[in-house]
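The values are calculated or read from the model by the stated rules, or taken from the named source; none is laboratory data. Keep in mind that what you see is a predicted model, and the values were worked out from it rather than measured. Neighbour counts run over all protein chains shown; Cβ positions are idealised from the backbone, glycine included. For the accessible areas, the whole protein counts, side chains as well, though only heavy atoms, and no ligand, DNA or RNA atoms are used. Shrake-Rupley method; radii C 1.70, N 1.55, O 1.52, S 1.80 Å.
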Amino acid sequence: QYNWSITYSFEDKDPYGGYVFNQLLGSVFEEESIHHSYKTLYELSDSVRDNYNILVISSNFNGGKEDSDFLLRHVEHGGKVFISSQYFLGHFADTLGLSTSDYFFSGGDFALNGDTAALRFVNPNVDTVQGFYYRRDNIHNYFNHFDTTRTTVIAKNDRGKPVTIRIRWGQGDFILNSTPLAFTNIYLLAGNNYEFASTTLSYLSSAPVEWTEYYHLGRMETGTPLRFILTNEPLRWAYYITIIAIIVYMI
């Protein structure tokens, strides 16, 4: 039996966890230089040095002004930021002038293309013929708007839509991706898909990595029972119902 909750957590070995991605990080960067936290980016601003890589994987990234200002300042000074999210919202998206769209649920001819979709790199410095295959309903988001004057497309889906882009900002780069499920256990263990992740990571610098899970899991500490409950859908609903029942009883 597997838990199919989407956590992206570096400790989660279930299909949509990030345990394998964390192992892959350890093979690309020195393991002792990879730091995990559940803090906001603004809270990390005093501890992250200018050359650090910042990493975020979540279903939605809604960066507020304080978080966004820190990221922009960090990248401007030479840092690199990797964010993989289906949707980019809020002050961060507005400042960079970017947005994503979803072709799977917006109609069209997706059914004619089959259940399997491919991602490919378009940078001529890497293999642009090799395809990486996933379920179409797991990688259907793409960038539909960005500043072309400072943006380079790194990878596209089989519809020719950008899924990974590099935005130059000051002395550093934002590496942004719209298919976060491609970095989960179930896909990294399938075929050669780990190469899509490792090639994407190669756009970061060799400096330490700060990976915060706050933007998907919230403010939780490693190993707490509450974290296990909230990342397990049946337990999460049972927890919510229990809290409501207690409140009603007290009233």
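Structure notes:
- Candidates are the residues of segment 14-72 that are charged (D, E, K, R) and assigned to a loop (DSSP other than H, G, I, E, B); the one that is nearest to LEU181 (Cα to Cα) is ASP14.
- Counting only residues that are charged (D, E, K, R) and under 24 Å from ILE54 (Cβ atoms), segment 121-174 holds 5 of them.
- Single unsatisfied condition, ASP12 versus (1) more than 18 Å from ARG219 (Cβ to Cβ); (2) buried (at least 19 other Cβ atoms within 10 Å of the Cβ): (1)
- Hits in segment 152-165 - residues which are open to solvent by 10 Å² or more (accessible area, probe 1.4 Å), in a strand (DSSP E or B) and out of contact with any Leu (no Cβ under 8 Å at 6 or more places or on another chain): THR152, VAL153, PRO162
- Boolean, THR242 is at pLDDT below 95, open to solvent by 20 Å² or more (accessible area, probe 1.4 Å), touching a helix residue (DSSP H, G or I) at 6+ places or on another chain (Cβ under 8 Å) and among the β-branched types (Val, Ile, Thr): no
- Selection of segment 29-57 for residues being open to solvent by less than 80 Å² (accessible area, probe 1.4 Å) and aromatic (Phe, Trp, Tyr) yields PHE29, TYR38, TYR52.
- Some residue of segment 161-175 being in contact (Cβ under 8 Å) with a residue 40 or more places away in the chain, farther than 18 Å from VAL81 by Cβ and more than 14 Å from the chain's Cα centre (by Cα): yes
- When the test is whether a residue is more than 26 Å from PHE104 (Cα to Cα) and modelled with pLDDT under 95, LEU226 passes it.
- The residue of segment 109-151 that is surrounded by the fewest Cβ atoms within 10 Å (Cβ to Cβ), among those that are among the aromatic types (Phe, Trp, Tyr) and free of Cβ contacts under 8 Å to residues at least 60 places away in the same chain, is PHE110.
- Test: GLY26 is crowded, with 22+ Cβ neighbours inside 10 Å and either over 19 Å from THR184 (Cα atoms) or more than 14 Å from the chain's Cα centre (by Cα) (or both): no
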